[in-house]
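Heads up: the structure comes next, in structure tokens.
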Amino acid sequence: MSACYFIGLDIHKKMIAYCIKTIDGRLVDQGMVSADRVSLSAWAQRLPGPWIGAMEATIFTGWVYDFLAPHALALKVAHPEMLKAITAAKKKNDQADAEKIADLLRVDLLPECAMLPQEIRELRRILRYRNHLVRTAVNMHNKMSGLLMEVGAGYSKNRLRGKKYFHELLDRLDEIPPSVKELLMLSRAGFEMFQTFQKRLIQTLRTNPLIQERVTRLITIAGVGEVTALTWVLEIGPVSRFGSIRQAISYCGLCSAQRESAGKQQRGPISKKRNKHLQSILVEAAKLAPRWNPQLADIHQRELNRGNRNRATLAVARRLVAYMMAVDKGETNFVFREEQKAG
């Protein structure tokens, strides 16, 4: 039986450093390979035998992982925040980084992070791009407001999004400079374009058969909208990877970091080690959900009575996580507990 080799990869935009070792730590080969598919294919063909690889999670990791996965017995992705062996080293270069990754891999100490299926990652990319378009559209809307305030023009903040009101406003404002009118029209055109594109992307995700059933079940929870459900499905991936609600809450960034030493515990602010996309969506959803869900309204009011509005929002967000995990794991529509007892 041929030996299994362990390969550490340090990935960059143009080059990839690699280090090949045996299980006992003997160095077999190390070097650099161009970060393109032709070079990687030729490199994979020259490898001495079956291999297990590991790489650090970067913006370039996705396509390298997908390309090399069929060639490897197993391919793992290391969590960059937890990969302290590289950042804490006195000597740091690409080949040394690849060697440390190979060493962590062969002794089974690699801090692995989850790599979602390629199909889910492609849909997640669409959703994140849609969120980028929404932020850009908001910037265009704010720019229109800023231009109107600069020239002292009166306008209705709540109605400025409306197309009819905007054109009526331009016709009514004769005292503003022509250059400002042109900038307002450009900003309005950008706002409408980004809004149209983001709606088209949402429609693409809504009708995708890979996630459609999960999303349909999740929106049966009062207070969970389509965007919240899509974000949960595409950022979480398979919900089975979380063994408890606490783990999911921690991943969503809805709890504080824990510091314990000499028997003393200290809790700080909300941890920065989280999925920022899920955290922002859940916090925004938690601000609106109590309007539609009586159970969440009770939780929000109970925490609000204690005098902290932010904690009330976090309490609602945590309960939303619990609801969505229950629906996802049970593969059933959401039903209030009182209705279940009555049945």
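Computed from the coordinates by the stated procedures, all read-outs in this text should not be read as laboratory data. As the structure is a prediction and not an experimental result, all values here were calculated from the model. Cβ: placed from backbone, ideal geometry, glycine included. Neighbour counts: every protein chain shown.
Among Trp51, Trp292, rank each residue by its count of other Cβ atoms within 10 Å, from fewest to most, as a rough exposure measure.
Fewest-to-most ranking of Trp51, Trp292: Trp292, Trp51.
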message: Between helix 178-206 and the chain, what is the angle of the helix's C-alpha long axis to the longest principal axis, kept within 0 to 90° and rounded to the nearest 10?
response: 60 degrees
message: Tell me the net charge near Val239. Cut-off is 12 Å between Cβ atoms, Val239 excluded, with +1 for each Lys or Arg and -1 for each Asp or Glu.
response: +1
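Between beta-carbons, use under 10 Å as the cut-off and find the net charge around Ala153, counting Lys and Arg +1, Asp and Glu -1. Walk me through the numbers before you get to the answer.
Numbers: positive: Arg172; negative: Glu150, Glu175.
Once positives and negatives cancel, what remains is -1.
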message: At 0.36 nm per residue, and after removing the present C-alpha to C-alpha distance, how many nm does the segment from Arg121 to Leu160 gain when stretched out fully?
response: 10.4 nm
task: With springs connecting C-alpha atoms under 10 Å apart, model the chain as a Gaussian network and identify which of Ala285, Ala257, Ala326 has the largest mean-square fluctuation.
output: Ala257
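Past 20 Å, Cα to Cα, is the threshold; run Lys14/Lys276; Lys14/Lys90; Lys163/Lys287; Lys14/Lys92; Lys143/Lys272; Lys13/Lys92 against it and keep the listed order. Numbers along the way, then the final one.
Numbers: Lys14/Lys276 28 Å; Lys14/Lys90 25 Å; Lys163/Lys287 28 Å; Lys14/Lys92 18 Å; Lys143/Lys272 30 Å; Lys13/Lys92 18 Å.
Checking Cα-Cα distances, Lys14/Lys276; Lys14/Lys90; Lys163/Lys287; Lys143/Lys272 exceed 20 Å.
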- prompt: Can you work out the FRET efficiency for the pair Leu73 and Lys199, with r the C-beta to C-beta distance and R0 = 45 Å, to the nearest 0.05?
  reply: 0.55
message: Here are a few candidate values for Kirkwood radius over Cα pairs in Å: [x] 24.1; [y] 22.9; [z] 20.5. Which one was actually calculated from the structure I just gave you?
response: [x]
query: From the phi of every residue in the stretch 91-98, what ³J(HN,Hα) in whole Hz does the Karplus formula 6.51 cos²θ - 1.76 cosθ + 1.60 yield, where θ is phi - 60° and glycine or proline is x?
result: 9, 10, 8, 4, 5, 5, 5, 4
- prompt: Once you sort the root eigenvalues of the Cα gyration tensor of the stretch 225-304 as a ≥ b ≥ c, which label holds: rounded (a/c under 1.5), prolate (a/b larger than b/c) or oblate (the other case)?
  reply: oblate
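Rounded to the nearest 500, what is the 222 nm mean residue ellipticity of the chain from helices alone, with -39500 (n - 2.57) per DSSP H run of 4+ residues and division by all residues?
Estimated from H runs of four or more residues: -17000 deg cm²/dmol.
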statement: Whole-Hz Karplus couplings 3J(HN,Hα) for the stretch 56-73, θ = phi - 60° and coefficients 6.51, -1.76, 1.60, Gly and Pro as x, run 7, 6, 9, 5, 8, 5, x, 6, 5, 4, 5, 6, 8, 4, x, 8, 10, 5
- prompt: If you find the alpha carbon centre of the stretch 115-131 and of the stretch 161-182, how far apart are they in angstrom?
  reply: 39 Å
Environment charge of Met193, counting only residues whose C-beta is closer than 12 Å and scoring Lys/Arg +1, Asp/Glu -1: +2
message: Just to be sure I understand: of the beta bridges DSSP finds with both ends in the chain, what percent are antiparallel, rounded to 5?
response: 65 percent
- prompt: HN-Hα J couplings of the stretch 312-318 from phi, Karplus 6.51/-1.76/1.60, θ = phi - 60°, integer Hz, Gly and Pro as x?
  reply: 5, 5, 5, 4, 5, 4, 5
- request: Compute the normalised compactness of the stretch 17-85: alpha-carbon radius of gyration over 2.2 N^0.38 Å, N being the residue count.
  value: 1.12
query: Cα centroid distance between the stretch 211-284 and the stretch 1-63, in Å?
result: 34 Å
statement: For the chain the mean separation of alpha carbon contacts under 8 Å (6+ apart) over residue count, i.e. relative contact order in percent, is 12 percent
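Of all the Cα-Cα pairs you can form in the stretch 86-194, what percent are over 20 Å apart? Could the numbers behind the result be given before it?
Working: 3592 of 5886 pairs.
So the portion of pairs separated by more than 20 Å is 61 percent.
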